[in-house]
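What follows is a short report on a single structure.
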Amino acid sequence: MVNAKCKNRNAAASWNRRRFFRNLLLIAAGALLLRLAVSWELGAVNGGRNSVFAPSSLSDLATYMKLARDMAGFRYEGVFYYQPFYYAVFLPAVYLVSAGSVWAVIFVQSLLGAATSLLAGLAGGRLFGRTGGYVAAILVAISTPLLLYTPFHQNETLQTFNILLLFYLTLRACDRWTLPRWGCVGLVAGVAILTRGNIWFLVPGVAAAMILSGIRLRRSFLRQAGAFALFFLLLLAVQLPFAIHNTRLTGKLTGPSTAADAVLGLGNSVEAPAGGRNPGLPAGPMEYPEAYHRMMQRASEGVSVPAQMWEWMCSSPGSFFELQFRKLLLFWDYREIPNNVSLYGEGQFSLILRCLLPGRSAVPIALGIAGLLVFAGRLRRKRQTGLLLLYYFICAYWAAAALFYILSRFRAPVLPLVAVAGGGYVGWMFRRWKRNPGGRRKLLLYGGAALLAGFWLTSSSYDFYRENLEAGIMRLVRPDGTLVTGGGKPDERFDYGPFTFGGWSEAVLEPGGTLAKKFVTPATAGELEWTILTLVPGSVTFRVNNGPEQTLDAPERGLNKLKFPVALSDGVVRLDFTRVNGEHHLLYDSQRDYRRSSFGASPLPGEWIMRLLTPPAHP
């Protein structure tokens with residue numbers, strides 16, 4: 001009788017597992033159809049003359065397409081600048097079997113997106129039960145950023161799949177600990193690193209999971225050592241051919257990519273914004289400030305960007321870590337930060353993307369943060385390797401992305417893991433609500449507070465910081481403003497922040513107006529670079545520190561940088577406007593307030609967009 005009951009329970013459990021898997025397959029099929037439909041909508045724009053089939057030559061999309069065609073035609077020359085797997089292996093393989101068809105790339109990437117939905121459901125089911133798995137799979141299936149990136153030649157879809165596959169295989173290897181499983185994990189980790197190098201941040205967590213699960217399952221030291229060696233051997237073996245190629249061409253020991261300095265420098269100069277481009281804009285270039293160009297010049301002279309970052313961190317730790325904090329906070333913001341493609345550019349041509357509001361990032365991020373909050377208490381319990389791994393993957397990827405700079409496409413690969421945490425939250429709420437009717441009020445307070453915290457963090461926290469705290473904190477960590485030096489060029493001193501994610505505001509420039517700006521400098525003379533916004537081209541006539549009149553032209557609509565010599569009186573420059581031809585606006589940054597700028601007789605609630613150029617203190 002007992003054996004019969006056990007058999008019945010096992011049969012029921014097996015049937016439930018099969019039904020769960022079939023349902024996940026249905027969700028994945030829906031994810032595939034959604035991706036193909038969005039791809040068809042975006043590919044039909046302008047009769048096929050669009051970023052899907054004919055991207056701008058200035059974009060990474062065109063670069064990947066050209067490099068992949070060169071590889072497929074065995075014409076590739078030079079070093080591998082970007083991480084090479086996508087354009088040197090994945091795309092050429094698809095091209096070779098499809099005679100160079102872009103639609104073949106779209107179909108394969110759609111399959112990868114559907115497989116990512118399936119893996120998210122399986123991972124969620126293992127960690128949080130069937131409800132959590134269903135929710136995770138659905139959130140990934142309808143995610144608008146993941147849908148948007150599917151038809152384009154960029155590596156986000158592949159890397160999203162890589163990370164989920166790496167996470168799921170690691171979960172399985174922790175439960176069924178064998179050398180071949182850990183070898184597969186190492187192989188996938190190597191491919192993921194070759195697709196984007198920040199996956200190195202995930203490797204310590206995978207190695208720790210291998211060791212912890214091996215100890216828990218009482219595997220021998222020799223077996224653990226063998227698995228550890230096999231894991232790293234395969235992880236490195238995948239990258240070795242590309243590293244050898246780059247080393248041979250550069251004449252020095254080099255990894256599979258040579259772009260690390262440029263990518264690090266863009267997000268870690270003293271002028272760097274937290275994100276690459278303002279949300280709500282169409283696709284376009286990022287901001288490349290003067291400090292970035294000087295970093296890259298020093299890098300070409302032998303001082304690496306990591307070494308320059310270390311110098312900045314040691315000389316001004318508050319300033320360095322404030323920028324890192326801003327990037328960490330912006331990572332969770334619900335808005336999509338565009339680059340090669342934009343939800344508000346290309347995405348507006350898709351009816352599905354416009355209507356699929358639950359797929360916007362705010363929903364999975366808020367649910368995911370709520371899940372991370374409510375499950376934090378479980379981390380202290382034994383046998384929570386899978387949950388620890390989920391936290392580690394999300395937090396390590398978060399740190400890796402913030403170390404560079406924040407773009408929607410850089411955040412996209414971690415969204416399915418966040419969806420797994422969000423699915424766990426929804427499943428936890430349902431179970432607690434059903435099993436404990438008497439505790440529902442407490443559940444609503446506790447679970448509701450976690451969800452509200454998630455929504456506030458993703459919808460409001462970054463703007464709260466920039467509008468209420470950033471100016472005061474910058475006065476503390478950068479009391480003298482910003483100084484850009486090096487490169488044999490003049491030193492540049494200024495008090496304003498970057499345009500991207502900045503507080504640049506306007507004031508009308510009129511005759512009879514006066515402004516003053518104080519610089520923290522021992523210099524008594526220099527050249528002033530003054531940025532104004534011109535609506536109608538013309539000229540501006542003014543006096544500097546009660547000197548003779550001078551007239552400067554503002555010949556173009558948009559931003560004009562006017563340069564002229566100035567003599568400083570205790571670091572102060574005063575401009576008195578006598579005549580204004582055309583229509584021009586003064587610009588100031590409301591996210592910086594050192595109380596060193598004034599407009600007329602009143603203090604300015606910000607700092608003028610001006611910088612002082614003086615001879616270099618250290619040529």
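Go over the candidates Val97, Val89, Val108, Val102 one by one and state the one that is β-branched (Val, Ile, Thr), open to solvent by 30 Å² or more (accessible area, probe 1.4 Å) and more than 24 Å from Ile199 (Cβ to Cβ). Reasoning before the result, please.
Values: Val89 fails: more than 24 Å from Ile199 (Cβ to Cβ); Val108 fails: more than 24 Å from Ile199 (Cβ to Cβ); Val102 fails: open to solvent by 30 Å² or more (accessible area, probe 1.4 Å).
Only one candidate passes the filter, namely Val97.
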So which pairs qualify, if the first residue must be in the range 589-609 and in the same structural domain as Trp504 (by the TED database) and touching a residue at least 24 places away in the same chain (Cβ under 8 Å), the second must be surrounded by fewer than 17 Cβ atoms within 10 Å (Cβ to Cβ) and part of a loop (DSSP other than H, G, I, E, B), the Cβ gap must be under 7 Å, and the two must be at least 6 apart or on different chains?
Ser590/Pro605; Asp593/Pro605
Can you pull out every residue in the range 316-358 that is under 28 Å from Gly30 (Cβ atoms), among the aliphatic types (A, V, I, L, M) and in contact (Cβ under 8 Å) with a residue 24 or more places away in the chain?
Ile337, Val341, Leu343, Leu351, Ile352, Leu353, Leu356
With more than 29 Å from Lys442 (Cα to Cα) and surrounded by fewer than 20 Cβ atoms within 10 Å (Cβ to Cβ) as the only criterion, which of Phe393, Phe349 stands out?
Phe349
Restricting the range 299-310 to residues that are at pLDDT below 95 and open to solvent by 70 Å² or more (accessible area, probe 1.4 Å), the one nearest to the chain's Cα centre (by Cα) turns out to be Ser300
Take the residues in the range 491-503 that are surrounded by 19 or more Cβ atoms within 10 Å (Cβ to Cβ) and of a type in the set (A, V, I, L, M, F, W, C); name whichever of them is farthest from Ile609 (Cα to Cα).
Phe501
Among residues of the range 37-53, those that are open to solvent by 50 Å² or more (accessible area, probe 1.4 Å) and either closer than 20 Å to Arg409 by Cβ or assigned to a helix (DSSP H, G or I) (or both), counted:
4
Restricting the range 551-600 to residues that are within 30 Å of Glu467 (Cα to Cα) and among the small types (Gly, Ala, Ser), the residue that is surrounded by the fewest Cβ atoms within 10 Å (Cβ to Cβ)
Gly558
Single residue of the range 145-181 satisfying the filter (of a type in the set (Lys, Arg) and touching a helix residue (DSSP H, G or I) at 6+ places or on another chain (Cβ under 7 Å)) that is nearest to Gly345 (Cα to Cα):
Arg172
Positions within the range 95-109 being in a helix (DSSP H, G or I) and more than 14 Å from Thr150 (Cβ to Cβ), in sequence order
Tyr95, Leu96, Val97, Ser98
From the option list Phe152, Phe80, single residue qualifying as crowded, with 23+ Cβ neighbours inside 10 Å and over 26 Å from Trp332 (Cβ atoms) is Phe80
Residue check: is Leu373 modelled with pLDDT of 95 or more and either surrounded by fewer than 17 Cβ atoms within 10 Å (Cβ to Cβ) or assigned to a helix (DSSP H, G or I) (or both)?
yes
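Going by the conditions given, is Gly488 exposed (fewer than 13 other Cβ atoms within 10 Å of the Cβ), in contact (Cβ under 8 Å) with a residue 60 or more places away in the chain and under 20 Å from Leu612 (Cα atoms)?
On the way: exposed (fewer than 13 other Cβ atoms within 10 Å of the Cβ): yes; in contact (Cβ under 8 Å) with a residue 60 or more places away in the chain: yes; under 20 Å from Leu612 (Cα atoms): yes.
The answer is yes for Gly488.
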Got a sec? Which helices (runs of 4 or more DSSP H) wholly within the range 197-270 have at least 2 residues that are aromatic (Phe, Trp, Tyr) and surrounded by 20 or more Cβ atoms within 10 Å (Cβ to Cβ)?
221-250
Which pairs turn up if I take residues in the range 418-439 that are within 16 Å of Ala137 (Cα to Cα) and look for partners that are among the aromatic types (Phe, Trp, Tyr) and in a helix (DSSP H, G or I) with beta carbon separation below 6 Å, at least 6 apart in sequence or on another chain?
Gly424/Phe128; Gly427/Phe128
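For (1) crowded, with 20+ Cβ neighbours inside 10 Å; (2) more than 39 Å from the chain's Cα centre (by Cα); (3) at pLDDT below 95, each residue gets a yes or a no:
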| site | (1), (2), (3) |
| --- | --- |
| Ala523 | no, yes, yes |
| Glu527 | no, no, no |
| Thr531 | no, no, no |
| Val536 | no, no, no |
| Glu549 | no, yes, yes |
| Trp608 | yes, no, no |
| Pro619 | no, no, yes |
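Just a yes or no: is a residue in the range 422-437 under 21 Å from the mean Cα position of the chain (by Cα), in a helix (DSSP H, G or I) and assigned by the TED database to the domain that holds Leu147? It would help to see each step written out before you state the result.
Residues of the range 422-437 that are under 21 Å from the mean Cα position of the chain (by Cα), as a first pass: 422.
Filter once more, keeping what is in a helix (DSSP H, G or I): 422.
Narrowing the set further to residues that are assigned by the TED database to the domain that holds Leu147 leaves 422.
Yes, the range 422-437 contains a residue that is under 21 Å from the mean Cα position of the chain (by Cα), in a helix (DSSP H, G or I) and assigned by the TED database to the domain that holds Leu147.
Working carefully through the options Arg172, Arg181, Arg219, find the one that is under 20 Å from Ala419 (Cβ atoms) and basic (Lys, Arg).
Details: Arg181 fails: under 20 Å from Ala419 (Cβ atoms); Arg219 fails: under 20 Å from Ala419 (Cβ atoms).
On inspection, the qualifying residue turns out to be Arg172.
The values are calculated or read from the model by the stated rules, or taken from the named source; none is laboratory data. Keep in mind it's a predicted model, so treat the numbers as computed, not measured. Cβ atoms come from the backbone with ideal geometry, glycine included; neighbour counts cover every protein chain shown. Note: accessible area is taken over every heavy atom of the protein model, side chains too, but ligands, DNA and RNA are not part of it. Shrake-Rupley method; radii C 1.70, N 1.55, O 1.52, S 1.80 Å.
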